[in-house]
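The values are calculated or read from the model by the stated rules, or taken from the named source; none is laboratory data. Remember, it's a predicted structure, so these values are computed and weren't measured experimentally. Here the Cβ is made from the backbone with ideal geometry for all residues, glycine too, and neighbour counts use every protein chain on show. Keep in mind that these areas ignore ligands, DNA and RNA; they rest on the heavy atoms of the full protein, side chains included. Shrake-Rupley method; radii C 1.70, N 1.55, O 1.52, S 1.80 Å.
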Amino acid sequence: MRALQCAQYGPVEDVQLVTVDKPSAPGPHEVILEVAYASVSHATGLMIEGKYQTKPALPFTPGTEAVGRVVSVGQSVTRLKPGDNAVAIANWGCFAEQIKVPEYTVYPLPEGLPLLAALPIPISYGTAYTGLLWRCGLQPGETVLVLGAGSGVGLAAVEVARQMGADVIACASTQEKRETALARGAQAVVVPGPDMAADVKALTQGRGADIVVDPVGGELFSYAVRAAAHNARLLSIGFASGSLPVVPSNILLVKNLTLHGFFYGRFIGWTPADERAVHAPALQQAMRTMLNWANDKRILPEISRVYAIDELSSALDALHSRKVIGKLAISIQPETMNEDH
């Protein structure tokens with residue numbers, strides 16, 4: 001079968017399209033998925049460069065999120081069967097025509113949900129959902145400020161927060177991204193910068209935001225702290241800006257703010273302890289909720305562009321340009337196999 005393979009850590013241009021063996025038969029709690037599409041993320045590039053927190057043994061196939069058809073299942077698997085459409089999270093390996101993964105982070109799709117509509121849900125929407133609900137305890141009627149609202153996770157946070165009954169203010173760097181956030185459910189938008197706190201307070205009768213979702217980090221975080229209401233929760237989920245934020249602890253103190261660090265990878269097996277089986281029941285319920293939202297068009301997960309299997313470098317270049325709205329994907333199977341999806 002075809003697969004993209006990283007033989008040494010370095011630039012993405014060194015990743016080669018090669019022929020490798022298909023996975024061996026699944027173990028008792030494993031699933032083999034025929035991959036139609038796999039998502040592209042900043043973590044993909046970091047892992048190829050050897051700069052991610054996890055370093056796979058070389059050679060390895062990148063890709064952490066895939067959607068396709070179940071080929072075979074282990075004897076203890078009861079939630080999935082051959083022929084099911086499903087979306088999966090893996091440690092790596094998704095840029096291949098087939099992948100073998102633990103069943104715990106493979107999720108069957110509702111009948112009628114297109115494959116590409118399901119692809120962004122496990123990681124981007126999963127991060128937003130669990131961060132807002134499990135970590136911040138979002139309540140209906142609260143105001144959520146989402147930074148980086150044009151990104152995959154940011155746009156997901158806009159939609160998820162609205163579905164949970166929040167009022168959403170989206171912060172994004174371009175007019176196109178702000179308009180997209182409004183179309184996905186944000187009631188208002190603001191421009192990142194020193195005036196952001198004043199703009200947020202003007203929209204909230206002087207209160208500020210009850211929850212701030214921050215996948216950006218850097219200087220924007222300090223502006224967001226000033227935009228937070230008293231007793232607000234700050235959710236730090238990433239550093240897309242490339243720089244770590246400096247936390248103004250004096251403002252945390254006087255405004256009684258709570259700063260939540262949130263590593264979604266703990267719930268999906270991306271730690272040395274591999275806790276995915278422990279968290280599987282709660283996460284599977286969360287995925288059922290979001291996949292059904294998508295099927296009912298209450299949320300609109302979207303892949304903004306699909307690249308061919310040999311265009312990973314171009315996809316990552318586009319992602320790093322910061323001009324992409326939402327998510328990008330790689331088409332793994334020949335296009336004729338994906339036409340009806």
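Tell me, yes or no, whether region 172-189 has at least one residue that is of a type in the set (A, V, I, L, M), assigned to a loop (DSSP other than H, G, I, E, B) and surrounded by fewer than 22 Cβ atoms within 10 Å (Cβ to Cβ). Checking region 172-189: not a single residue is of a type in the set (A, V, I, L, M), assigned to a loop (DSSP other than H, G, I, E, B) and surrounded by fewer than 22 Cβ atoms within 10 Å (Cβ to Cβ). Against the condition surrounded by 16 or more Cβ atoms within 10 Å (Cβ to Cβ), in contact with a His (Cβ under 7 Å, 6 or more places away or on another chain) and assigned to a helix (DSSP H, G or I), how does residue 283 come out, does it pass? Criteria not met by residue 283. Checking each residue in region 47-79 for being within 19 Å of residue 284 (Cα to Cα) and either touching a Ser or Thr at 6+ places or on another chain (Cβ under 6 Å) or open to solvent by 10 Å² or more (accessible area, probe 1.4 Å) (or both) picks out 64, 65, 69, 73, 76, 77, 78, 79. Filter region 114-131 down to the residues that are open to solvent by less than 10 Å² (accessible area, probe 1.4 Å) and not in a helix (DSSP H, G or I) and list them by number. Within region 114-131, 119, 120 meet the criteria. Evaluate the following for residue 40: is it open to solvent by less than 20 Å² (accessible area, probe 1.4 Å), in contact (Cβ under 8 Å) with a residue 24 or more places away in the chain and more than 20 Å from residue 153 (Cα to Cα)? Here the answer is no, as residue 40 does not meet what is asked. Residues that are open to solvent by less than 20 Å² (accessible area, probe 1.4 Å) and modelled with pLDDT under 90 were ranked within region 212-247; the one that is farthest from residue 197 (Cα to Cα) is 238. Every condition in (1) touching a residue at least 40 places away in the same chain (Cβ under 8 Å); (2) under 20 Å from residue 296 (Cβ atoms); (3) in a helix (DSSP H, G or I); (4) of a type outside the set (Ser, Thr, Tyr) is met by residue 48 except one, and the failing one is (2). Within region 8-37, being closer than 21 Å to residue 98 by Cα, part of a loop (DSSP other than H, G, I, E, B) and open to solvent by 70 Å² or more (accessible area, probe 1.4 Å) holds for 21, 22, 24, 25, 29.
Residues of region 143-163 that are of a type outside the set (Ser, Thr, Tyr) and open to solvent by 30 Å² or more (accessible area, probe 1.4 Å): 153, 162, 163. Report yes if residue 316 is open to solvent by less than 70 Å² (accessible area, probe 1.4 Å), touching a Pro at 6+ places or on another chain (Cβ under 8 Å) and touching a residue at least 12 places away in the same chain (Cβ under 8 Å), otherwise no. In short, no. In region 205-247, which residues are aromatic (Phe, Trp, Tyr) and either more than 20 Å from residue 150 (Cα to Cα) or in a loop (DSSP other than H, G, I, E, B) (or both)? Passing the criteria: only 239.
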